[in-house]
Amino acid sequence: MFENLSDKIDKALHILKGHGKITEVNVADTLKEVRRALLDADVNFKIAKEFTNSVKEKALGQKVLTSLQPGQLLVKIMRDEMAALMGSKAADISLQGNPAVVLIAGLQGSGKTTFSAKLANFLKRKKGRNPMLVAADVYRPAAIDQLKVLGEQIQVPVFAIEGNKNPVEIAQKGIEHAKTLGHNVVIVDTAGRLSVDQEMMDEIARIHRAVKPSETLFVVDAMTGQDAVNTAKAFNEVLDFDGVVLTKLDGDTRGGAALTIKATVNKPIKFVGTGEKMDAIDIFHPDRMADRILG
Ligand code: GDP
C-alpha cells in the first residue's frame, strides 16, 4: 500500500540521516523531497505545502537540529502531522434508532454495493447486530442481483421490490419491513452515476431526507486520487455526510485520497476496503496509516 510514497519519503529522509551534521539546509532539502513525494502521490499542492511547512515549524520548535537523533525526531514529527492530516484517531459510525439507518452513497463503480454487504457482515459478525440490506440502486439492473448474491453469502436478508423504480419508496418500505422483522440496522445501497450529475444528487438528497439516516457514508475509489477528493466535495455539499469509505486500497493506489479527503471536506475516513471478499473491510486508523506510510 502506498509503496511509492513510502519509498520516496524514505529516500528523502536518507538525505538527512546521511549527514554527520544536520543543518537547516538539510532539513529544508529533506522536506522539499517529502513535498515532491506527496505531490507525486496526488496530494494537492496546497495541502502538501501546508504539511511540510507545519513539519518544518515544529522541527525548529523542537530543536531537531541539536537533538541527538535528528532523523528520528523529524520522522516522529512527520508521523504525528500525517496522522493529524487524516483525522488523528479512528472515527466510529453512529447507529442510533431502531432500526438504525445507514445510507451508502457514491459514484457508480466506487464499490458501494460491495461495501454495503461488507458493512452488514462486519456489523453482524463483529458487533452482534442484526442487519438488513436494502437494494435501492434501481438503475443498474445487476446491482440488485449482486446485492442478493452477497446477502446470501453473508446470510443477511436483502430487501428489494422487483420492477419498482422509486428508490425513496423502496428505502422507506425496506425500513418498515426491517422494523416488523426486528432488524436493528438497515443499510441502504443507492444508485450512482459515472460522474457527478444533478439528477443523481437530487435523488440521493431525496432519499436522505426521507430515511433520515443516523449515518451517511460516502464511498470512493482510492485509485481515483484528486478526483476522489472533488467527488467527495460535491457529495458533501448535498448530503453533509458523516464519513468516508475508501475502497480498493489493495490496488496500486498512490495515497493522495487517503491523505487529503479529511483536510478537504472535514469528514473522517471511517472504513477502508482492501479487496473484493466480504471480510476485506477495516476500520481506518489514521495513526496506523501514517506509520505504514513512513515505514
Ligand atoms: P458500485 O457500482 O459502487 O456498487 O460498485 P461495486 O460494489 O459493484 O464495485 C465495483 C467493482 O469493484 C466490483 O468488481 C467489486 O468487486 C470491486 N471492489 C469493490 N471494493 C473493492 C475493494 O476494496 N478492493 C478491490 N480490489 N475491489 C473492490
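Please find, within the stretch 248-280, the residue that is farthest from the ligand (Cβ to nearest atom) out of those that are open to solvent by less than 20 Å² (accessible area, probe 1.4 Å) and under 19 Å from Asp92 (Cβ atoms).
Ranking the candidates gives Val265 first.
Could you grab the pairs with beta carbons closer than 6 Å, sequence gap of 6+ or different chains, first residue in the stretch 81-93 and at negative phi and touching a residue at least 40 places away in the same chain (Cβ under 8 Å), second one among the acidic types (Asp, Glu) and buried (at least 17 other Cβ atoms within 10 Å of the Cβ)?
Ala83/Asp287; Ile93/Glu215
Of all residues in the stretch 166-190, how many are farther than 20 Å from Asp145 by Cβ and part of a loop (DSSP other than H, G, I, E, B)?
The number of residues fulfilling the criteria is 3.
Within the stretch 39-87, count every residue that is assigned to a loop (DSSP other than H, G, I, E, B) and modelled with pLDDT of 85 or more. Full working, then the answer.
Kept after step one, since they are assigned to a loop (DSSP other than H, G, I, E, B), are these residues of the stretch 39-87: 41-44, 62-63, 67-69, 86-87.
Filter once more, keeping what is modelled with pLDDT of 85 or more: 41-44, 86-87.
Number satisfying all stated conditions: 6.
So, of the residues in the stretch 146-188 that are on the phi > 0 side of the Ramachandran plot and more than 26 Å from the chain's Cα centre (by Cα), which turns out to be surrounded by the most Cβ atoms within 10 Å (Cβ to Cβ)? Please lay out each step first, then the result.
Kept after step one, since they are on the phi > 0 side of the Ramachandran plot, are these residues of the stretch 146-188: 155, 163, 182.
From what is left, the residues that are more than 26 Å from the chain's Cα centre (by Cα) are 163, 182.
On the way: Gly163: 6, Gly182: 10.
Step by step, filter the stretch 146-188, then rank; the result is Gly182.
Condition first: touching a residue at least 60 places away in the same chain (Cβ under 8 Å), open to solvent by 10 Å² or more (accessible area, probe 1.4 Å) and more than 23 Å from Val185 (Cβ to Cβ). Now tell me which residues in the stretch 200-243 satisfy that.
Asp221, Gln226, Thr231
Within the stretch 105-137, track down each residue that is farther than 15 Å from Leu194 by Cβ and either without any contact (Cβ under 8 Å) to a residue 24 or more places away in the chain or charged (D, E, K, R) (or both).
The answer is Lys118, Lys124, Arg125, Lys126, Lys127, Gly128, Arg129.
Would you mind finding the one in Ala143, Ala117, Ala135 that is farther than 30 Å from Thr264 by Cβ, within 12 Å of the ligand (Cβ to nearest atom), of a type in the set (Gly, Ala, Ser) and surrounded by 20 or more Cβ atoms within 10 Å (Cβ to Cβ)?
Numbers: Ala143 fails: farther than 30 Å from Thr264 by Cβ; Ala117 fails: farther than 30 Å from Thr264 by Cβ.
Of the residues listed, the single one that is farther than 30 Å from Thr264 by Cβ, within 12 Å of the ligand (Cβ to nearest atom), of a type in the set (Gly, Ala, Ser) and surrounded by 20 or more Cβ atoms within 10 Å (Cβ to Cβ) is Ala135.
Residues of the stretch 123-132 being within 21 Å of Val244 (Cβ to Cβ) and either within 13 Å of the ligand (Cβ to nearest atom) or open to solvent by less than 10 Å² (accessible area, probe 1.4 Å) (or both), which ones? Talk me through it step by step, then tell me what you get.
Looking only at the stretch 123-132, we keep the residues that are within 21 Å of Val244 (Cβ to Cβ), and these are 123, 126-127, 131.
Result: Leu123, Pro131.
The values are calculated or read from the model by the stated rules, or taken from the named source; none is laboratory data. Model, not experiment: these values are computed from the prediction. Cβ coordinates were reconstructed from backbone atoms using ideal geometry, including for glycine residues, and neighbour counts include every protein chain displayed. Side chains are part of the model used for accessible areas, which takes the heavy atoms of the whole protein and leaves out ligands, DNA and RNA. Shrake-Rupley method; radii C 1.70, N 1.55, O 1.52, S 1.80 Å.
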